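The values are calculated or read from the model by the stated rules, or taken from the named source; none is laboratory data. Only a predicted model underlies this, so the values are computations on that prediction, with no experimental measurement involved. Positions of Cβ are backbone-derived with ideal geometry, glycine not excepted, and every protein chain shown enters the neighbour counts. Heads up: the accessible areas ignore ligands, DNA and RNA and are worked out on the full protein's heavy atoms, side chains in. Shrake-Rupley method; radii C 1.70, N 1.55, O 1.52, S 1.80 Å.
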Amino acid sequence: TVAARLEVGGAAAQAARAASIARDPTTAMAMARQTAATALGSDHVTCAQLAVHTDTARFAPGGSVAVTVTCTVELSDLVGLRLPAAETLSSTATSVIDTYRAAS
């Protein structure tokens with residue numbers, strides 16, 4: 001679970017960066033979700049449930065965008081360790097939107 005927690009943090013950072021280069025909030029949300037799912041998949045983290053929340057309240061040049069990635073990881077494969085059936089991991093990352101570019 002430690003490795004998965006690190007990967008969720010990395011996915012949140014990548015998703016926030018992707019959202020920060022989008023031209024509008026709707027595209028930012030779509031890019032964040034796609035980037036998080038791709039990042040976790042390439043790191044071989046399988047989420048039973050994946051949630052990506054993108055906060056675009058400050059989506060303007062010089063503002064920022066925050067992305068929270070929440071991944072529920074199944075632990076039922078780890079027999080005999082007295083672990084819960086699943087663990088929910090969450091991480092938030094923020095990325096600044098470039099001051100000198102257009103956003104709508």
| query | What about Val69, is it crowded, with 21+ Cβ neighbours inside 10 Å and either more than 27 Å from Ala86 (Cβ to Cβ) or among the acidic types (Asp, Glu) (or both)? | reply | no
| query | In region 23-36, which residue that is touching a residue at least 24 places away in the same chain (Cβ under 8 Å) and not β-branched (Val, Ile, Thr) is most open to solvent (accessible area, probe 1.4 Å)? | reply | Arg23
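Can you pull out the residues in region 30-58 that are touching a helix residue (DSSP H, G or I) at 6+ places or on another chain (Cβ under 7 Å) and either in a helix (DSSP H, G or I) or modelled with pLDDT of 95 or more (or both)? Reasoning before the result, please.
Start the filter on region 30-58 by keeping residues that are touching a helix residue (DSSP H, G or I) at 6+ places or on another chain (Cβ under 7 Å), which leaves 31-32, 35-36, 39-40, 43, 45, 47, 50, 52, 54, 56.
Once the filter is applied, which keeps residues that are touching a helix residue (DSSP H, G or I) at 6+ places or on another chain (Cβ under 7 Å) and either in a helix (DSSP H, G or I) or modelled with pLDDT of 95 or more (or both), region 30-58 yields Met31, Ala32, Thr35, Ala36, Ala39, Leu40, Leu50, Val52, Thr54, Thr56.
Could you check how many residues of region 4-13 are open to solvent by 10 Å² or more (accessible area, probe 1.4 Å) and touching a residue at least 40 places away in the same chain (Cβ under 8 Å)? Give the derivation first.
First pass over region 4-13, keeping only residues open to solvent by 10 Å² or more (accessible area, probe 1.4 Å): 4-7, 9-10, 13.
Adding the requirement that they be touching a residue at least 40 places away in the same chain (Cβ under 8 Å) leaves 4-5, 9, 13.
The number of residues fulfilling the criteria is 4.
Take region 14-29 and flag every residue that is of a type in the set (A, V, I, L, M, F, W, C) and assigned to a helix (DSSP H, G or I).
To start, the set of residues in region 14-29 that are of a type in the set (A, V, I, L, M, F, W, C) comprises 15-16, 18-19, 21-22, 28-29.
Answer for region 14-29, where residues must be of a type in the set (A, V, I, L, M, F, W, C) and assigned to a helix (DSSP H, G or I): Ala15, Ala16, Ala18, Ala19, Ala28, Met29.
In region 74-92, which residues are open to solvent by 20 Å² or more (accessible area, probe 1.4 Å) and either closer than 16 Å to Gly10 by Cβ or modelled with pLDDT of 90 or more (or both)? Let's see the steps before the verdict.
Kept after step one, since they are open to solvent by 20 Å² or more (accessible area, probe 1.4 Å), are these residues of region 74-92: 74, 76-88, 90-92.
Those that are open to solvent by 20 Å² or more (accessible area, probe 1.4 Å) and either closer than 16 Å to Gly10 by Cβ or modelled with pLDDT of 90 or more (or both): Thr88, Ser90, Ser91, Thr92.
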